[in-house]
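Read-outs: derived from the displayed coordinates by stated rules, not from any lab. As the structure is a computational prediction, the values presented were derived from the model and not from experiment. When we count neighbours, we look across all protein chains shown, and the Cβ atoms used for this are built from the backbone with ideal geometry, even at glycine.
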Amino acid sequence: MDRPADRTPQRAGPRATFDRALDGVKDDVLRLGALVEHALERAGRALEQRDTELADQVRWDDRDVNELQRQVNTEITTLIATQGPVARDVRQLLALYHAAAELERMGDYAVNIAKLAQQLAGEPETPILKQIPRMERICREQLRAAMRSLVDISEEDARGVAARDDEIDHLYNSVYEDAMQLLAVAPERARQTTHMLFAAHHLERLGDRVTNIGEDVVFLATGQVEDLNP
Amino acid sequence: MTESGDPLTVETEPRPPPVDEQPDDKGPTIRLMSSQLEVDEAEQIAAAVRDEGIPMSFAADELVFELDRLSCFYGSFQAVRDVSLQVPRNQITALIGPSGCGKSTLLRSFNRMNDLVDTARIEGRILYHGVDLYADGVDPVEVRRRIGMVFQKPNPFPKSIYDNVAFGPRVAGFRGDMDGLVESSLRRAALWDEVKDKLKQSGTALSGGQQQRLCIARAIAVEPDVILMDEPCSALDPIATLKIEELMRELKKNYTIVIVTHNMQQAARASDVTAFLTMGDDRAGYLVEMASTQDIFTRPAHRLTEDYITGRFG
């Protein structure tokens, strides 16, 4: 009789299988965040540099974001149906599910900005309002911070993310005022001006979605549902 | 899923990227290894079943058991009717269903345990690695060595922990390093660390969960290929239950496991493939549906399955 190879089963607690699966979902949501951040950075660059090819890439790559979100949904549905998660476990799955949906939508905003970049590139060149690249940069910093707070389950960091949303809102208002002036003094550039206004609008919406992820983290950490951006 | 309704965002298709950057139609290759659930193989198979409408089936070399219209009788009473299913290798297959649906009878037919009941007989065939288990000339003792069983109530022999594990190999004539075999069996059953200093103590002195793991060590000491488990956790507390389930996931790397459970959550948590049986008007059990555990518990194909797992029937 052959002896079995001597092997000690890994014993990492009675819910090791669930914990491994949960880690996998977290990895996927982080990956989703990284894809969206990358899309946003490229969309912003396409806008500034009138780079229509880069904008095309952003539009194509959105399929990856959608596909990964669907995959996360399936993983979470399966874990809820098969693993009977309770308390923090179920809150974490719900928070990740919602965060994935928000990230997918943020990916759509990046696509919209890429489309605006393509339309702007077809018009006579007009300098991009300087607040827009700043909004884009803050959005990415916020997104990264939100994802970090989600992984660390840090309520404090999540509240910090929400607080900084005011900066984005302030910049958006400033873009609006500048756009109104531009429309008055250079009506022949109305198309470019409105494209920029819409790009800023998408960034403002994107910032709100980041705040929503912060709310998910607060729910995850405390079990309380709270509006961080009333 | 792109936002629409934006008047300034003209809906044009993006130009296709250069050929070398053509997006992969199979979807993004960005899945992280750690997120792979262990049910993936079974899931693919089940998806094929749903898409094609074919019965769940596996490649021949992935099969351990193949049941072909198996019926089981006790005297004139038919306990199981016309069950055809396949049990895949190195997976955990759960049999679920209401009390009396024949799942234990079915399980016991897998290693001819029902031979021990005078009135029991079967019709149809059970192929084990392609061999008809009930054919003339098949030795039921050898069948039970290769296809071990763990029962509902832990039943260690009233002997030392060591002798419980060594018993089977001794009977089988094992002449090698018995100490090593006992240790490796206890390690595989995730019990070694808890008993290594008291191997001479009685197995019956252990806790229920430890006794059940001792029974698993005893089952694997004779080098089986398959482990059948008949409600292995129904006498255990929740934490001991979760330990056994984690152990099953380790064991499936080396063994094929078939488990009967009326704890649906256990089937959901621990198995890869789930077969749902119920009984007809004549009280004979039959197979309603077999699919990946993920599919059974998220989108069962049959209404009877859905009613049972959601607690509306059974």
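Taking trypsin sites (Lys or Arg not before Pro) in DSSP loop conformation with at most 15 other Cβ atoms inside 10 Å as exposed sites, chain A has its longest uninterrupted site-free stretch at A:12-129.
Spin-label pair B:Asp225-B:Arg283: with each label point 7 Å from Cα along the Cα-Cβ axis, the two points sit 3.6 nm from one another.
Centre-to-centre separation between the Cα atoms of segment A:206-230 and those of segment B:297-314: 36 Å. For the protein assembly as shown, adding -39500 (n - 2.57) for each run of n ≥ 4 DSSP H residues and dividing by the number of residues yields -17500 deg cm²/dmol at 222 nm.
Phi angles across segment A:101-116 convert, under the Karplus curve 6.51 cos²θ - 1.76 cosθ + 1.60 with θ = phi - 60°, into 3J(HN,Hα) values of 5, 5, 5, 4, 5, 4, x, 5, 4, 4, 4, 4, 5, 4, 5, 4 Hz, Gly and Pro given as x.
Loop-resident trypsin sites (Lys or Arg not before Pro) (DSSP state other than H, G, I, E or B) in segment B:124-187 with no more than 13 further Cβ atoms inside 10 Å of their Cβ: B:Arg175.
Length gain on complete extension for the stretch A:Thr222 to A:Leu183, per 0.36 nm per residue less the alpha carbon to alpha carbon distance? Walk me through the intermediate numbers first.
Details: separation 39, 0.36 × 39 = 14.04 nm, distance 4.75 nm.
Fully extending the segment from A:Thr222 to A:Leu183 adds 9.3 nm.
Residues whose amide H falls under 5 Å from that of B:Ala79, counting only those 5 or more places apart or on a different chain, are B:Cys72, B:Phe73, B:Tyr74, with hydrogens built in the peptide plane. Taking Cα centre as origin and charging only the Cβ of basic (Lys, Arg, +1) and acidic (Asp, Glu, -1) residues, the dipole magnitude of the protein assembly as shown rounds to 2400 debye. Among beta bridges from DSSP that stay inside the protein assembly as shown, the antiparallel ones total about 60%.
Given R₀ = 41 Å, what would the calculated FRET efficiency be for A:Asp169 paired with B:Arg299, taking r from the Cβ atoms and rounding to 0.05?
0.45
Of interest is the spacing of the C-alpha centroids, which for segment B:203-267 and segment B:63-102 amounts to 20 Å.
Taking only Cα atoms of segment A:88-152, what ratio of Rg to Rh do you get with Rh as the Kirkwood inverse-distance radius? With Rh from the inverse mean 1/r over Cα pairs, Rg/Rh is 1.14. Listed values for segment A:19-34 are Karplus-derived 3J(HN,Hα) couplings in whole Hz (6.51 cos²θ - 1.76 cosθ + 1.60, θ = phi - 60°), namely 4, 5, 5, 5, 4, x, 5, 4, 4, 5, 5, 4, 4, 4, x, 5, and x replaces Gly and Pro.
Neighbour counts of other Cβ atoms within 10 Å put A:Met180, B:Met264 in the fewest-to-most order A:Met180, B:Met264. Summarising the label geometry, the points placed 7 Å from Cα in the beta-carbon direction at A:Arg88 and B:Glu142 lie 5.5 nm from one another.
A DSSP coil position with no more than 12 other Cβ atoms inside 10 Å describes the following trypsin sites (Lys or Arg not before Pro) in segment B:229-278: B:Lys253.
For the protein assembly as shown, the equivalent ellipsoid derived from the alpha-carbon gyration tensor has semi-axes of 59, 25, 20 Å in decreasing order.
The distance from the alpha carbon centre of segment A:11-41 to that of segment A:47-71 is 22 Å, rounded to a whole number.
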